[in-house]
1. Can you give the local net charge around B:Glu267? Use residues other than it whose beta-carbon is closer than 14 angstrom to its beta-carbon, Lys and Arg +1, Asp and Glu -1.
2. Report relative contact order for the stretch B:54-166 in percent, whole number only (criteria: Cα-Cα under 8 Å, sequence separation at least 6).
3. Considering amide H positions built from the backbone, and no H for Pro or chain starts, which residues 5 or more places from B:Thr184, or on another chain, come under 5 Å of its amide H?
4. Quantify how strongly other chains surround peptide B:82-91 by giving the mean number of their Cβ atoms within 10 Å of each of its Cβ atoms.
5. Less than 13 Å Cβ to Cβ from A:Tyr102, Lys/Arg counted +1 and Asp/Glu -1: what total charge do the surrounding residues give?
6. In debye, nearest 20, what is the charge dipole magnitude of chain B about its Cα centre with +1 on Lys and Arg Cβ and -1 on Asp and Glu Cβ, if you could check?
7. Give me a single rounded figure for B:248-254: the average over its residues of other chain Cβ atoms within 10 Å of their Cβ.
8. Which far-off residues, 5 or more places away or on another chain, put their amide H under 5 Å from the one on B:Ile211, with H placed in the peptide plane?
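Derivation of every value follows stated rules applied to the coordinates shown; laboratory data play no part. On a predicted model such as this, the values are computed, not experimentally measured, just so you know. Cβ atoms come from the backbone with ideal geometry, glycine included; neighbour counts cover every protein chain shown.
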Amino acid sequence: MLAILQSEWFKLRKSKIILILFVGPLIGLFIGLTGNLIDVGEQMNQWYSPLFMMNFTYATLFLPLISGVLASVICRYEHQEGGWKQLLALPVTRGKVFLTKYLLLVLLVLFIQILYLGAIYAVGVIKGFTDPFPLTIVWKSIIGGWVATMPLVALQLWLSILFKSFAAPFAVNVIFTLPTILAVNSERFGPYYPWAQPFSMMYVGGSTDDVFFIPWDQLLTVVGGSFLIFFLCGYIYFQRKPI
Amino acid sequence: MEYIIQTKNLSKKFGKELAVNGVDIRIAKGEIYGFLGPNGAGKSTTIRMLLGLMKPTSGKVAIFGKDLKSERINILKKVGSLVENPSYYPHLTAKENLEAIRKIVGVPKTRIDEVLKTVRLQDAANKKVKGFSLGMKQRLGIATALLNKPELLILDEPTNGLDPSGIIEIRELIKSLPEKYGMTILISSHLLSEIDQIATTVGIITKGKMIFQDSIEEMRMFARQYIKLKVSQHEHAWRTLLASGMKAELEDGHILLSDQTDQHVAEAVQLLVQQGISIYRVEEDKKSLEDIFLQMTKEELAG
Ligand SMILES: Nc1ncnc2c1ncn2[C@@H]1O[C@H](COP(=O)(O)OP(=O)(O)OP(=O)(O)O)[C@@H](O)[C@H]1O
Ligand SMILES: [Mg+2]
């Protein structure tokens, strides 16, 4: 499995699209640096102000969209010129190939999140914040956003294997991602909408009683449940796909 | 006998269409097996099933004496393959393409230069495959198939798109492999001339059915000469010959005598003349392999 992962990473590394990894964090940085900081008041940590601003655009839009594009990228070169049949005629199981592609995506999303963490820190340093960096809270947000993206990545991987075209999975991704902006403002709908979870789990103003910014039962049912459905559908579909 | 590939009643249905119908392939070690059939005969579909890319609707595949279903991974470690048009990653160079595969099959890096040299692609090693000609892509595909030093090489129409000198080159390469490395090779083609020059065993498939499977010598036996008679009332003439115990065939209004000794021909002619049948021509007719192939596939259609 490590061998497949190395091969996958090699193929992806050599495609220029890898630069897309930097888009999300750079946009975050840009928003953080140019936006007028919201006055969070005296009693709140200075760092919260860029966090609120940056997180919204980043978590509702760019994180889901870019992770979806990544899923399409790592399937695109398999679709293009018979890559699937070449890959699957090697001594590998389809299960491992699927798992490896998923694992690589999840690692890349984690990498994006860490870059984003760097962007947050850079904003603070450039703006000369004096308050201590709220490390635990930021980590919660970074890891939370990562976990919440996992089901979306699973769905995008499934769709990217299913559709040869680059546009189809992207369209589905956009269709589900755009309503997030509305969903996060809805108390009734927001907690159940999988695409709204990256924002909810990165929302530093959320409840801090639990490990993450959303309650455990919401994490398990909405994030865990949608992950299970999307992942299994993709996994089973790939097992049966005639090549 | 121990077979490298043995299938039993292998079948594949697409909807209602039986693309592969009860095929029994037997390939012994060290053979170059020519898998011959016209377009759409079911060659690629069969090969896909041999590699586990497609599940058979029914039937069994055993490779190296092991069941493909339960030991696919162990089998594929010793197989190199090229299915249909060559597969490649367009954004990578030839070398990088091989490297992506090498990481999985786990052979030393030096092997990449070896196979590139074998298919004479070393000059284009660092070019993006996107810009390759079809022949160059085909060579890369063969290089990829050779990468893991396979014991069994499965090549689906490997000379597709090669120029004449390329065809000869690849043919010589393929021919040398069983001797040099003890490889067994399955090579498919829709050109009989191609298979004739390379194979030791031949399997002919048409409309999903295997209609012939034997050594190339046995196949060439079909190419024996005939004496061809052009006569009036050919139906009547043919029956007359058969009635007197002579071997004769009727084809396209001609009578074909397979026993071509002078005496036999003389007897046949005499018999026909006595029956009042006019004889217009008596000539020798050598059937080419192409004719046999056409005939075999036609018979299958009629039957
Ligand atoms: N995925 C598929 N879905 C439906 N039908 C298919 C599929 N693959 C092949 N077929 C059908 O199965 C039959 C056999 O096709 P196959 O590709 O095996 O032929 P072939 O012998 O390799 O021909 P060629 O010489 O053109 O490569 C054809 O009638 C084809 O239309
Ligand atoms: Mg074919």
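1. Numbers: positive: B:Lys247; negative: B:Asp259, B:Asp262.
Net of charged neighbours comes to -1.
2. Result for the stretch B:54-166 is 36 percent.
3. Residues meeting the criterion, in which the H sits 1.01 Å from N, are B:Gly30, B:Leu152, B:Leu153.
4. 6
5. Neighbourhood net charge equals +2.
6. On the way: 43 positive and 38 negative charges, 386 e Å.
Using only the charged Cβ atoms, the result is roughly 1860 debye.
7. Working: counts 0, 0, 0, 0, 0, 0, 0.
Shielding by partners across B:248-254 averages 0.
8. Here the answer is B:Ile204, B:Ile205, B:Thr206, since their amide H atoms fall under 5 Å of that of B:Ile211.
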